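The values are calculated or read from the model by the stated rules, or taken from the named source; none is laboratory data. A quick note: this is a predicted structure, and the numbers were derived from the prediction, not measured. Don't worry about glycine lacking a Cβ; one is built from the backbone with ideal geometry, like all the others, and counts go over all protein chains shown. Note: accessible area is taken over every heavy atom of the protein model, side chains too, but ligands, DNA and RNA are not part of it. Shrake-Rupley method; radii C 1.70, N 1.55, O 1.52, S 1.80 Å.
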Amino acid sequence: MVTMPTRSRVESWRFDHLEMAAGQWLSQAVHTEDAYNKAVQSIGSAPWHGTSADAARELVFSQLVAVRGAADGLRQAAQVAMSGAMSLANDKAVTLTAIGNAERQFFSVSEQLTVTDRLPPVFGLPMGVLRQIQASQLQAAIQGDAVRLAADDERIAATLKPLAQALRDF
């Protein structure tokens, strides 16, 4: 279950680890395929004949599906991580923009993302009621944006977990 993050958590939300992981996973996919291709070339071009040569070729070619599956899994994980980082960056920016918008309208946004009016009640009851309604609307928007940030983070982690497990079994 997603819990609403605090203001300081939203402000310090990081997603650069996803960008770094995506780059490393793409690099590992290339290295894995390169290593496999070199093994295939080495065995295929060796002046080697007989039962042992046939067994070695058979062994290398039997690993083709596993190697391509691992490389595809790495690329898929990289894609999830990169698009996840972009989603989190956008979610964070939207939430921080909503907080800034409220503050520019003379509202305070607390650590718990509650919104209160900073204007003194000198304009009478009708203006006070309007400001209270506006504060409630701003608070709902800010809290909704913050929960979306947390939910997207959990969704990305849940998507990457089975991909990581499959790669661990490679």
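Could you list all residues from the stretch 95-107 that are among the hydrophobic types (A, V, I, L, M, F, W, C) and open to solvent by 60 Å² or more (accessible area, probe 1.4 Å)?
L96, F106
Being assigned to a loop (DSSP other than H, G, I, E, B) and either among the polar types (S, T, N, Q) or touching a residue at least 12 places away in the same chain (Cβ under 8 Å) (or both) is the requirement here; does Q79 meet it?
Working: assigned to a loop (DSSP other than H, G, I, E, B): no; either among the polar types (S, T, N, Q) or touching a residue at least 12 places away in the same chain (Cβ under 8 Å) (or both): yes.
Here the answer is no, as Q79 does not meet what is asked.
Those residues that are hydrophobic (A, V, I, L, M, F, W, C) and without any contact (Cβ under 8 Å) to a residue 40 or more places away in the chain, I need them from the stretch 5-29; list them, please. Break it down stepwise before answering.
To start, the set of residues in the stretch 5-29 that are hydrophobic (A, V, I, L, M, F, W, C) comprises 10, 13, 15, 18, 20-22, 25-26, 29.
Scanning the stretch 5-29 gives a single hit, M20.
Run down W13, W48 and say which single residue is more than 30 Å from L96 (Cβ to Cβ), touching a helix residue (DSSP H, G or I) at 6+ places or on another chain (Cβ under 8 Å) and not in a helix (DSSP H, G or I).
W48
Could we say that A150 is open to solvent by 30 Å² or more (accessible area, probe 1.4 Å) and closer than 17 Å to S12 by Cα here?
Working: open to solvent by 30 Å² or more (accessible area, probe 1.4 Å): no; closer than 17 Å to S12 by Cα: yes.
Judged against the criteria, A150 is not a match.
Give A157, A151, A146 a once-over and let me know the one that is within 18 Å of E19 (Cα to Cα) and not hydroxyl-bearing (S, T, Y).
Selected residue: A157, the only one of A157, A151, A146 that is within 18 Å of E19 (Cα to Cα) and not hydroxyl-bearing (S, T, Y).
Given (1) open to solvent by less than 60 Å² (accessible area, probe 1.4 Å); (2) more than 17 Å from R14 (Cβ to Cβ); (3) out of contact with any Phe, Trp or Tyr (no Cβ under 8 Å at 6 or more places or on another chain), identify the lone condition not met by P162.
(1)
Residues to consider are A81, A77, A56, A22; find the one that is surrounded by 16 or more Cβ atoms within 10 Å (Cβ to Cβ), over 15 Å from the mean Cα position of the chain (by Cα) and over 19 Å from A146 (Cβ atoms).
That would be A56, the only listed residue that is surrounded by 16 or more Cβ atoms within 10 Å (Cβ to Cβ), over 15 Å from the mean Cα position of the chain (by Cα) and over 19 Å from A146 (Cβ atoms).
Among the residues of the stretch 151-168, is any touching a strand residue (DSSP E or B) at 6+ places or on another chain (Cβ under 8 Å) and under 26 Å from G100 (Cβ atoms)?
No, the stretch 151-168 contains no residue that is touching a strand residue (DSSP E or B) at 6+ places or on another chain (Cβ under 8 Å) and under 26 Å from G100 (Cβ atoms).
Given the criteria basic (K, R) and either open to solvent by less than 20 Å² (accessible area, probe 1.4 Å) or more than 30 Å from the chain's Cα centre (by Cα) (or both), does R118 qualify? I'd like the intermediate steps shown before the answer.
Values: basic (K, R): yes; either open to solvent by less than 20 Å² (accessible area, probe 1.4 Å) or more than 30 Å from the chain's Cα centre (by Cα) (or both): yes.
Judged against the criteria, R118 is a match.
Look at L138 and say whether it is touching a strand residue (DSSP E or B) at 6+ places or on another chain (Cβ under 8 Å), in a helix (DSSP H, G or I) and over 28 Å from K38 (Cβ atoms).
In short, yes.
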